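Enquirer: Encoded as C-alpha cells, here's the structure I'll be asking about.
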Amino acid sequence: MRILQVITPSRIAGAEIYLSRLSRRLVQSGEEVIVLTKRLPAIEELFAGSEVRVVVGGIGGKLNLLSVFRLCQLIRSERIELINSHLSTASLIVSLAGRMCSVPTVATVHALNNAFCYRFADHLIAVSEAVKSHLIRQGIESEKISVIYPGVDPAEFSPAGKSSEIRHELGIPQDAILVGVVAHLSSKKGHAVLLEAAAKAARSGCECFYLFAGDGTERARLTEMAEQLGLTRKVVFAGFRRDIRDVIEAMDIVVQPSIEGEGLPASLLQAMSLEKPVIASRLSGIPEIVEDGRTGILVEPGNSESLYRVLMHLVGSAELRAAMGRAGRERVLSEFDMKLSVERTIELYKDLVLRARG
C-alpha cells in the first residue's frame, strides 16, 4: 500500500514519536510510507536514518483551503491509497482532501480531544478504550472506532542494567533511590503533586532523588516550588531528552501523577518494558496499562498524601520493586508489543482500502 501519514505538530511529544516508530515499522513490513508535516526541525530529526520519506511544508497548523489543495496534489501525484492523520488540525485537512480525492482516511486520536475534528474521517483509531469511550460520548458511532494500543518495542526498551552514565551526568548519586517522571512540564501532568509528596517523604527522612525529564511552560513554576519546599538539591530538571530509554533505565521508580485525562502514556509502557515499577493516577487510559498491585500501583489524581504513602511503600521494598518490574515487562510482551500494534494497523488499513475499491 501507498500510505500517507499527516501530522501538524507544535512540539515533539508522544504522538510525534509514535508516528516515527510506526512509519519505520510499516516500511519494514513492506509498505510505502510518506510523512507530510509542517516545518519543525525536531520532527525531521525523528526520521533521520530511516527509509521513511518525509515531505516538509505544504500543510500548516490551521485549517485552510490552500493546505487542502496542496494535499490533494500530493495524493494524486504519489497515487496515495490511504491517509492516516494525527492531531486535530491534520485530521480536518485530511478528511476534506480524502473526500475530494476519493481516498480513505483514518484519524488516530491520541488524547481525550474534542471529537469535532475527527468526525469527518472514514475511521478512527483510538489509542485506548478510554479514548474510544470519550469519542462515543460525543456522538461518534462505536463501529467507526478501532482501539489499537500504540505499544512499545521491547527489544529497544530492554533492561541492560546500566544507569551510571546518566546519573553521573545529572549529578545523582549512584546508590540513591531515583524517582522519575517523563512528561511535558504542563499543569495537567501533575508534577506539583509529586513535589508535594516528595516534601512529605523528605520530612520522613527519605533520601530519594527526583528526576523530571521533559520541558514546558511549567518549568519555572516547578523549579520555584521545589526551592520553596527545600527540595532543590534533590530534584533534577533534565529538560527534553532524546536518550529517553537510558534516562528511564537510570530510574528506580517511574511516576505518572497526571491530574487530567490521558490517552495512553507511552512513558509508562517504556518504563514497564524496562522492568521499572510504576505509580500512576487512576485516570483515563492509565488503568488499561497498569495492573494495580501487580505491575505498579494506582493512586487517586491530585492526592499527594496517597502518592506519598505509596512512594514510601515502594522505596522501602527492593523486592517489591523488582517483582513489579518483572510483571510489567511480561505485560508489555503479551499485550503492548509494538509488533502487535503494527499488525493491527496494517490489517485495518487493508480493510479500508479494499472497501474503498468496492
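Enquirer: Of the residues I172, I148, only one is surrounded by 15 or more Cβ atoms within 10 Å (Cβ to Cβ) and within 30 Å of V131 (Cβ to Cβ); which?
Expert: On the way: I172 fails: within 30 Å of V131 (Cβ to Cβ).
Every option except I148 fails the conditions.
Enquirer: If you don't mind, there's one more thing I want to ask. Might you let me know whether the stretch 35-56 holds any residue that is outside any loop (DSSP other than H, G, I, E, B), under 17 Å from the mean Cα position of the chain (by Cα) and modelled with pLDDT of 90 or more?
Expert: No, the conditions are met nowhere in the stretch 35-56.
Enquirer: Any chance the stretch 84-96 includes a residue that's surrounded by 19 or more Cβ atoms within 10 Å (Cβ to Cβ), of a type in the set (V, I, T) and farther than 27 Å from V152 by Cα?
Expert: So far as the stretch 84-96 goes, yes, one or more of its residues are surrounded by 19 or more Cβ atoms within 10 Å (Cβ to Cβ), of a type in the set (V, I, T) and farther than 27 Å from V152 by Cα.
Enquirer: Determine which single condition E16 fails, assuming it passes every other condition in (1) crowded, with 17+ Cβ neighbours inside 10 Å; (2) touching a strand residue (DSSP E or B) at 6+ places or on another chain (Cβ under 6 Å).
Expert: (2)
Enquirer: Could I ask something else about it? Quickly run through the stretch 314-340 and pick out the residues that are closer than 13 Å to V290 by Cβ, among the hydrophobic types (A, V, I, L, M, F, W, C) and surrounded by fewer than 19 Cβ atoms within 10 Å (Cβ to Cβ).
Expert: Across the stretch 314-340, the qualifying residue is only A327.
Enquirer: Can you confirm whether S334 is polar (S, T, N, Q) and out of contact with any Ser or Thr (no Cβ under 9 Å at 6 or more places or on another chain)?
Expert: Values: polar (S, T, N, Q): yes; out of contact with any Ser or Thr (no Cβ under 9 Å at 6 or more places or on another chain): yes.
In short, yes.
Enquirer: Given (1) on the phi > 0 side of the Ramachandran plot; (2) surrounded by fewer than 21 Cβ atoms within 10 Å (Cβ to Cβ), where does G214 come up short, assuming only one miss?
Expert: Only one criterion in (1) on the phi > 0 side of the Ramachandran plot; (2) surrounded by fewer than 21 Cβ atoms within 10 Å (Cβ to Cβ) is unmet by G214, namely (2).
Enquirer: Okay, next question. Sort out which residues of the stretch 17-34 are in a helix (DSSP H, G or I), without any contact (Cβ under 8 Å) to a residue 60 or more places away in the chain and of a type outside the set (A, V, I, L, M, F, W, C), and write them in order of number. I'd like the intermediate steps shown before the answer.
Expert: Quick first cut of the stretch 17-34, residues in a helix (DSSP H, G or I) only: 17-28.
Pick out the ones that are also without any contact (Cβ under 8 Å) to a residue 60 or more places away in the chain and you get 20, 23-24, 27-28.
Correct list: S20, S23, R24, Q28.
Enquirer: A further question on this structure: Counting just the residues of the stretch 115-144 that are more than 20 Å from V94 (Cα to Cα) and of a type outside the set (G, A, S), which one comes out surrounded by the most Cβ atoms within 10 Å (Cβ to Cβ)?
Expert: Step one: filter the stretch 115-144 for residues more than 20 Å from V94 (Cα to Cα), giving 128-134, 136-139, 142-143.
This time we only want the ones that are of a type outside the set (G, A, S), so: 129, 131-132, 134, 136-138, 143.
Details: E129: 16, V131: 27, K132: 20, H134: 22, I136: 15, R137: 9, Q138: 14, E143: 7.
If we take residues in the stretch 115-144 being more than 20 Å from V94 (Cα to Cα) and of a type outside the set (G, A, S), then V131 is surrounded by the most Cβ atoms within 10 Å (Cβ to Cβ).
Enquirer: Would you tally the residues in the stretch 19-44 being more than 22 Å from E262 (Cβ to Cβ) and either of a type in the set (D, E, K, R) or surrounded by fewer than 21 Cβ atoms within 10 Å (Cβ to Cβ) (or both)?
Expert: 15
Enquirer: When residues of the stretch 1-13 are filtered for being more than 21 Å from the chain's Cα centre (by Cα) and either under 20 Å from G239 (Cβ atoms) or surrounded by fewer than 21 Cβ atoms within 10 Å (Cβ to Cβ) (or both), how many remain?
Expert: Qualifying residue count, the stretch 1-13: 2.
So that you can scan it fast, the table gives a plain yes or no per residue for (1) over 24 Å from the mean Cα position of the chain (by Cα); (2) at negative phi; (3) without any contact (Cβ under 8 Å) to a residue 60 or more places away in the chain; (4) surrounded by 15 or more Cβ atoms within 10 Å (Cβ to Cβ):
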site	(1), (2), (3), (4)
A160	no, yes, no, no
S187	no, yes, no, no
A192	no, yes, yes, yes
L229	yes, yes, yes, yes
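Enquirer: Right, something else. Could you list, in sequence order, all residues of the stretch 19-40 that are out of contact with any strand residue (DSSP E or B) (no Cβ under 9 Å at 6 or more places or on another chain) and not polar (S, T, N, Q)?
Expert: We begin by selecting, within the stretch 19-40, every residue out of contact with any strand residue (DSSP E or B) (no Cβ under 9 Å at 6 or more places or on another chain); these are 25, 28-30.
Answer for the stretch 19-40, where residues must be out of contact with any strand residue (DSSP E or B) (no Cβ under 9 Å at 6 or more places or on another chain) and not polar (S, T, N, Q): R25, G30.
Enquirer: Filter the stretch 66-107 for residues that are of a type outside the set (G, A, S), in a helix (DSSP H, G or I) and in contact (Cβ under 8 Å) with a residue 40 or more places away in the chain and give the result.
Expert: Across the stretch 66-107, the qualifying residues are L71, L74, I75, T89, I93, V94.
Enquirer: Which of the residues that make up the stretch 6-61 are among the small types (G, A, S), in contact with a helix residue (DSSP H, G or I) (Cβ under 8 Å, 6 or more places away or on another chain) and within 19 Å of N113 (Cα to Cα)?
Expert: Correct list: G14, G61.
The values are calculated or read from the model by the stated rules, or taken from the named source; none is laboratory data. Note that the structure is a prediction, hence the values are computed from the model and not measured. In this analysis, Cβ positions are derived from the backbone assuming ideal geometry, glycine residues included, and neighbour counts consider all displayed protein chains.
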